[in-house]
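The structure under discussion appears below in the form of structure tokens.
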Amino acid sequence: MLGPPDGSILTKVAMEGEKQPQPAVADSSATVSKVLDDDNLLVEILLRVSFPNTLIRAALVCRRWLCHVSDKAFLGRFRKLHPPRLLGFYIDTGMGPCFTPMLPQPPELAVVIDRACFCPDTWQCRRAHVLDCRNGRVLTMLQDGPRFELGVHTALCTLTERGMTTFPPFPRYNRPEGRFCIWPCLISKEQGDDLSYFYVLIESSEETSKVTVRVYMLQHGIWCTHHTLATDQPSLPLWDPKLVLVDSKIYITVAPRNIMVLDLSVSSCSTICLPQGVEYGDRDAMLSRADDASSVYLIQVKELQLHIWLHKGNNWLLVDTIFMSEMVANLRMQDYTVEDEHIDVLRILQVGDNAEFVFFQMGRCILYLDIKGKTLRKVYEMKDKDWYSVYYIFPFKMVWPPIFPALKPNLQGIPFASAEVTKISNVHRVC
């Protein structure tokens, strides 16, 4: 029977290892230089660094590296390989908004997570509300008695750069005569490296089938009337309608079986019927943005089954069905009871773009489903001080694109020095 090697054998192996010829340092350096001096190889290496903040660090090596990582074609390939990562979410359960990170996260993102963990209530106000969160910008409404203040907070800035860029108050609205229901909504849209904000007022008559939608756009610090469209539609549901902005189209859940589509590019209004047998209930369905401007996703949960539909052209396509009974059982959650009734109903709180993920509420637990990976896990549990329901959840993802430093025009292919970088403060946003 063979046993462990004795000390003499280990000593012999060690001595033989010492006799092995060691590669020359110069040869090793030459090999590294040969690889890094090849632009094609360097680009392939940089494509595999995974995180945008690592790209910024790579850009600080020299101007040549900066040119590679800031190239539009490179950034397009990088984003396709590494979509913006979900860092956490802002949640309000009745005690004010707070940030909850998605754990675990790689060590490279520790600083980014710390900067995202700001609390809107840190500003001097009685109450804060998160209204929108997209590409690192958190739109917040601060309430102090009867006064309201609206502004956007760039969460990933450094402490010295943090603050709130104030927005003007929402447009005043003259309520029409008669019995009407009014729903105000705020949506955002990525345009290049910036965001555009739209304020939407949905006005539904309780006496007729008329629905009027007023769209305002924030331009140069002023809410300007963008569109006003009226149509005859079935009455809006009793719960708040949900809006999704895809390119120039606003999709609105106007009725249990219909979606109203406002095309802002041609000032038209149309209606999409939901798939056969699908209806909007109490938080059991939600729309999701699609990359294709002519498409939209519909995510529905029913009896622990998740159905993902894609509307493209004039047709609905069922792209996936996920059976969640076993997933929920594997969480080993104890049933939460109210008046001796077990609550095992999944309610959709929020969905990701391109149907990437879903946040559910089940009892006092918030669950996160990674649709692509088919994994379900608990990410939040409401405490005794929380209300039983969740007011909202806003996912917070890594910003895109990264902001690279600006250089003096006469530098080329040489390492950076402190005097050579005209502005590096911008890199703090994601570094």
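The values are calculated or read from the model by the stated rules, or taken from the named source; none is laboratory data. All figures in this text were calculated on a predicted structure; none of them were measured in a lab. In this analysis, Cβ positions are derived from the backbone assuming ideal geometry, glycine residues included, and neighbour counts consider all displayed protein chains.
For segment 47-68, the condition of being among the aromatic types (Phe, Trp, Tyr), outside any loop (DSSP other than H, G, I, E, B) and modelled with pLDDT of 90 or more holds for at least one residue. Screening Trp223 with (1) at pLDDT 80 or above; (2) in a helix (DSSP H, G or I) gives one miss only, at (2).
Residues that are at pLDDT 85 or above, closer than 18 Å to Ile187 by Cβ and in a loop (DSSP other than H, G, I, E, B): does segment 247-254 have at least one? Yes, that holds for at least one residue. Is it the case, given these coordinates, that Arg85 is modelled with pLDDT of 90 or more, under 30 Å from Phe359 (Cβ atoms) and among the charged types (D, E, K, R)? Judged against the criteria, Arg85 is a match. Of all residue pairs spaced 6 or more apart or on separate chains, those with beta-carbon atoms under 6 Å, a first member in segment 73-94 that is touching a residue at least 40 places away in the same chain (Cβ under 8 Å) and a second member that is exposed (fewer than 13 other Cβ atoms within 10 Å of the Cβ) are Thr93/Trp387; Gly94/Trp387. Scanning segment 128-147 for residues that are part of a loop (DSSP other than H, G, I, E, B) and surrounded by 20 or more Cβ atoms within 10 Å (Cβ to Cβ) turns up just one, Gly136. Tell me yes or no: at least one residue of segment 272-282 is in contact (Cβ under 8 Å) with a residue 40 or more places away in the chain, among the charged types (D, E, K, R) and not in a strand (DSSP E or B). Checked segment 272-282: at least one residue is in contact (Cβ under 8 Å) with a residue 40 or more places away in the chain, among the charged types (D, E, K, R) and not in a strand (DSSP E or B).
Can you spot a residue in segment 95-118 that is closer than 17 Å to Tyr392 by Cβ, more than 19 Å from the chain's Cα centre (by Cα) and surrounded by fewer than 18 Cβ atoms within 10 Å (Cβ to Cβ)? Within segment 95-118 (the criterion being closer than 17 Å to Tyr392 by Cβ, more than 19 Å from the chain's Cα centre (by Cα) and surrounded by fewer than 18 Cβ atoms within 10 Å (Cβ to Cβ)), the answer is yes, since at least one residue qualifies.
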